[in-house]
Amino acid sequence: FREVELDHVRRYWDDRPCNIRHSPKPVGSREYFDEVEKRKYLVEPHIPKFAEFEKWRGKKILEIGCGIGTDSINFARHQAKLTAVELSEKSLDLCRKRFEIYNLTGTFYLANAEELSAAVPVEPYDLVYSFGVLHHTQLPPRFNACQFGT
């Protein structure tokens, strides 16, 4: 029963990655990603303030639920060492493409946040970041990223 529900959630996000419709430009183009970012932070201007992207320069960041990578790319632009995790293969593919377009690096894992250590090596991170993900998990107590903190 649990796997069926997880597959349903995965298919949902593969069919409609978060913020996918924030631009009419061709999906995956540089122009598309620029417009998506502009729109996201226009609608949610609080994110850059509390994420403090520039504060994490040179630090190790684990982002859980990266989506198509809008916050991810901002950590990477500030030279954070980013590891991004996503349940949706389509979203993660777009995130990877975004990093290629902007010539940035990161480490990417297709994984379920409720079983993080099954896919992501357990190691210390300076920041474990997740925005707009936890409320989508069916078993929030299993969403335990504490073992990844410093």
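The values are calculated or read from the model by the stated rules, or taken from the named source; none is laboratory data. This is a predicted model, so every value here is computed, not measured. Ideal geometry is used to build each Cβ from the backbone, glycine not excepted, and the neighbour counts take in all protein chains shown. Only protein heavy atoms, including side chains, enter the accessible area calculation; ligands, DNA and RNA are left aside. Shrake-Rupley method; radii C 1.70, N 1.55, O 1.52, S 1.80 Å.
Limited to region 63-90, what total is found for residues that are of a type in the set (S, T, N, Q) and either without any contact (Cβ under 8 Å) to a residue 24 or more places away in the chain or crowded, with 24+ Cβ neighbours inside 10 Å (or both)?
3
Which residue pairs have Cβ atoms closer than 6 Å, lie 6 or more positions apart in sequence or on different chains, and pair a first residue in region 23-48 that is under 22 Å from Asn103 (Cα atoms) with a second residue that is open to solvent by less than 20 Å² (accessible area, probe 1.4 Å) and in a loop (DSSP other than H, G, I, E, B)?
Tyr32/Ser23; Glu35/Ser23; Val36/Ser23
Out of all the residues in region 91-103, which are surrounded by fewer than 22 Cβ atoms within 10 Å (Cβ to Cβ) and touching a strand residue (DSSP E or B) at 6+ places or on another chain (Cβ under 7 Å)?
Arg96
Checking Cys146 against (1) more than 24 Å from Arg10 (Cβ to Cβ); (2) modelled with pLDDT of 95 or more; (3) among the hydrophobic types (A, V, I, L, M, F, W, C), which test does it fail?
(2)
For the condition in a loop (DSSP other than H, G, I, E, B) and surrounded by fewer than 12 Cβ atoms within 10 Å (Cβ to Cβ), what is the one hit in Pro26, Pro17?
Every option except Pro26 fails the conditions.
Out of the residues in region 104-128 that are at pLDDT 95 or above and under 12 Å from Val85 (Cα atoms), state the one that is surrounded by the fewest Cβ atoms within 10 Å (Cβ to Cβ).
Filtering first and then ranking leaves Thr107.
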